[in-house]
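Below is one structure, written out as structure tokens; comments come after it.
Derivation of every value follows stated rules applied to the coordinates shown; laboratory data play no part. As the structure is a prediction and not an experimental result, all values here were calculated from the model. FYI the Cβ positions are ideal-geometry reconstructions off the backbone, even for glycines, and counts take in every protein chain you see.
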Amino acid sequence: MQFTREQYLDLMTFKPVERQMFVELFGPLIGLDHEWRAQGASENEINMIAFDWDYVPVIPCGGITGILGGFKEIIIEDTDEYIIKRDELGRTSKLRKGYASIPLPLDFPVRDMDSWLKLKPMFEFREDRIDWDQVNHARKMQEKGHLVVATIPGGFDIPRELMGEETTCLCYYMQPELMEDIMQTITETSFRVLDSISEKLLIDQVSVHEDLAGKTGPLIGPNEIEIFVKPYFRKIWDMLSSKGTQLFDMDSDGDVNPILDILVDSGINSMHPFEPAAGMDIVEVRKKFGKQMVMRGGIDKHVLRKDKNSIRQELEYKLQTGMQEGGVAFGLDHRIPNGTPIENYRYYVDTAREILGLPPRDTQKKGWARMAF
């Protein structure tokens, strides 16, 4: 079912709704299509459109808050196994064909203040960061039921993209003035872009991509968030929420339990995908934070490779009655893993719909859209 922005916002802000939302956040991992095809799956199943997914159409707000005017991407080497290229930050990166969808950086351009200052103009404010035609288009599409989303650079993610994880983590202690300058730059640019746009357009959600944690916990602690990230998040959120923005969503894999309190205090009120394999449990998060945190995802993707009884147990726990009181778009916690039988996936979809009180899936309805935005 296609939700309108009003229906989606009502669900995610705990207003009365007619039904729950059951989504597919990301879709299958590379290679699963070959497995499913060999098991007799239809092309519509492989393309995700045979499962009658819930989704809300999304439209960008028309502002660029991140990198602008970077290096021209150049392919350095293209083989049957991988692609090596120079990306917009000037990094050399490698993408393994058939295994990955995101290239792995092999080097990083920022080491100190001098190297940062060479790239800083890519992150500073310019008038052409705002496409007013797109802003006007977003307003028209909003009237037709599209959710207007703005994105801002990650408070950890951008330093990590510039310096790599190890240097970024050391930078908080060894070069705090460098980190402060990076954060001040992206704060000012994001604020000026979104402040201007929000005078003309109601932004429904602001999103930030972080991916700041692994299975053993976050890569940045609450003290570093308090000093370097929270002022950035709060400045953007306080301004946008005063103009009617309702959701501040953060995308991060891994175990973010140790920093959830400071993230909520920084303005984050929505997250995805809540990976159970990393210790994230949407039922426990709801118990602790109540209506302070809304969620997308949270269902263990790995259980799909087990038996049907394990799938049902996971669904009965995550989709229990107390979780159906709003604030959740139920779905897998990331991409559908390789080794998932198509028969198990069909069972997962049909069983979840049954528990949520949704009508049986209609294979004639062909809608689907990624719900990771």
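Please arrange 272, 34, 334 by how many other C-beta atoms lie within 10 Å of their C-beta, fewest to most.
34, 334, 272
Would region 152-221 count as rounded, prolate or oblate if I go by the C-alpha gyration tensor, calling it rounded below 1.5 in a/c and otherwise prolate when a/b exceeds b/c, oblate otherwise?
oblate
Residue 290: net charge of surrounding residues, Cβ under 14 Å, Lys/Arg +1, Asp/Glu -1, itself excluded?
Summing Lys and Arg as +1 and Asp and Glu as -1 gives +1.
Which of the lysines could a cross-linker bridge to residue 243, judged by Cα under 18 Å and excluding same-chain residues fewer than eight apart?
Qualifying lysines at Cα under 18 Å: 200, 235.
Can you pick out the pairs among 97/120; 230/318; 291/318; 15/287; 72/120 whose Cα atoms lie more than 21 Å from each other?
Pairs exceeding the cut-off: 97/120; 230/318.
Using a Gaussian network model of the chain whose springs link C-alpha atoms within less than 10 Å, name the residue from 104, 247, 119 with the highest mean-square fluctuation.
104
List the trypsin sites (Lys or Arg not before Pro) within region 134-218 that DSSP assigns to loop and that have no more than 15 neighbouring Cβ atoms inside 10 Å.
Passing sites in region 134-218 are 144, 200, 215.
Sorting 79, 351 on the 10 Å Cβ count, fewest up front, what's the list?
79, 351
Could you work out the local net charge near residue 14, counting Lys and Arg as +1, Asp and Glu as -1, over the other residues with Cβ closer than 13 Å to its Cβ?
Result for the local shell: +1.
For region 1-150, rounded, prolate or oblate, judged on the Cα gyration tensor with a ≥ b ≥ c (square roots of eigenvalues), a/c < 1.5 rounded, else prolate if a/b > b/c?
Oblate, since a/c reaches 1.5 and b/c is not below a/b.
Report the Cα-based extents of the chain along its three principal axes, largest first, to the nearest Å.
58, 50, 41
Which length gain, in nm to one decimal place, applies between residue 131 and residue 173 when the Cα-Cα distance is subtracted from 0.36 nm times their residue separation?
Difference between extended and current length: 11.3 nm.
First check a/c for region 203-245, with a ≥ b ≥ c the square roots of the eigenvalues of its C-alpha gyration tensor; if it is under 1.5, answer rounded, and if not, answer prolate when a/b is larger than b/c or oblate otherwise.
Taking the square roots of the gyration eigenvalues as a ≥ b ≥ c, region 203-245 is oblate.
Could you check the spin-label model distance between residue 277 and residue 211? Points 7 Å from the Cα along Cα→Cβ, value in nm.
So the label points at residue 277 and residue 211 sit 1.5 nm apart.
For the chain, set up a GNM with springs between Cα atoms under 10 Å and report which of 265, 80, 107 has the largest fluctuation.
Fluctuation is largest for 80.
For residue 46, what is the net charge nearby, where nearby means another residue's Cβ is under 11 Å from its Cβ and Lys, Arg count +1, Asp, Glu -1?
Value of the local net charge: -3.
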